[in-house]
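Reviewing the structure listed below.
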Amino acid sequence: TSYPADFTDYHDIQILTTLPNIQLATGPGGVPCTQSLFDAGSCINTTNDNVTLNAKTAHIYGAEWDISIIPLPGLTINSSGSYLDAHYTDYSFTPPAGYLLPTGTTNLPGTPFPLPSWQTSQTVTYATGVHDIAGVPVDDVSFTAHYYWQSRYNADLRTFIPSQRTGSYGLLDLRANVTGIAGSKFDFGVYMTNVVGTPVCMPEY
């Protein structure tokens, strides 16, 4: 059993953001496009580029757990997971030469990292102790059920509509293993992932 916790004070976080490219842009009368002219909508020939920058600071709190119990011979139950609370405390940044800040605020303290807060994994394995299948000796036959669940991805939704928010989901996987067939090192396994066909929605960046 383990229960580690963590706190991180994060500086100069690498982010990918969309910035207006003004290298070919001009303002009224052909003057250079400045931040004030761009904010007023007076620049032409601007384009939008994805640019990698460094945001200033963030705080990350988190905890993990991993618990295993064996309530009966051959039966192992494991529960593991994590909690993450990651937010920017200062999202401001300086655009590189040839770019401007996008219209509107770019300092978004409290904006969460685009990650789920909760992730959990539950596994139940039963080793049957069977040592013979139709006259063929085996080391063991085991069955495993694994369930994974995560909460929705966090995101700043100020520029999106609520229906675009991703949701939480859980996935059930099943597996059967036969090990040490006929006294050899040959094993055989059959598995099925996402048994109940749960739809999974992953965010686009």
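List pairs: first in the range 169-195 and open to solvent by 80 Å² or more (accessible area, probe 1.4 Å), second among the charged types (D, E, K, R) and assigned to a strand (DSSP E or B), Cβ under 6 Å, 6+ apart or cross-chain? Listed pairs, sorted by first residue: Y191/R175; T193/D173. Of all residues in the range 79-123, which are over 27 Å from F7 (Cβ atoms), assigned to a strand (DSSP E or B) and out of contact with any Ser or Thr (no Cβ under 8 Å at 6 or more places or on another chain)? If the condition is that a residue be over 27 Å from F7 (Cβ atoms), assigned to a strand (DSSP E or B) and out of contact with any Ser or Thr (no Cβ under 8 Å at 6 or more places or on another chain), then Y99 is the only one that fits. When you look at I44, is it among the β-branched types (V, I, T), open to solvent by 80 Å² or more (accessible area, probe 1.4 Å) and more than 30 Å from S121 (Cα to Cα), yes or no? Spelling it out, I44 is indeed among the β-branched types (V, I, T), open to solvent by 80 Å² or more (accessible area, probe 1.4 Å) and more than 30 Å from S121 (Cα to Cα). When the range 164-189 is examined, which residues are found to be among the acidic types (D, E) and either within 17 Å of S117 (Cα to Cα) or assigned to a loop (DSSP other than H, G, I, E, B) (or both)? The one that is among the acidic types (D, E) and either within 17 Å of S117 (Cα to Cα) or assigned to a loop (DSSP other than H, G, I, E, B) (or both): D187.
Do we have V31 as loosely packed, with under 13 Cβ neighbours inside 10 Å and over 30 Å from F143 (Cα atoms) here? Yes; evaluated as a whole, the condition is true for this residue. Can L24 be described as farther than 25 Å from A155 by Cβ, open to solvent by 80 Å² or more (accessible area, probe 1.4 Å) and either at pLDDT below 90 or not polar (S, T, N, Q) (or both)? Spelling it out, L24 is indeed farther than 25 Å from A155 by Cβ, open to solvent by 80 Å² or more (accessible area, probe 1.4 Å) and either at pLDDT below 90 or not polar (S, T, N, Q) (or both). Return the residues of the range 104-127 that are at pLDDT 95 or above and β-branched (V, I, T); say none if nothing qualifies. Within the range 104-127, T120, T123, V124, T125 qualify.
The values are calculated or read from the model by the stated rules, or taken from the named source; none is laboratory data. All values derive from a computational prediction rather than experimental measurement. Cβ sites come from the backbone with ideal geometry, for glycine too, and all protein chains shown count toward neighbours. For accessibility, only protein heavy atoms count, side chains too; no ligands or nucleic acids. Shrake-Rupley method; radii C 1.70, N 1.55, O 1.52, S 1.80 Å.
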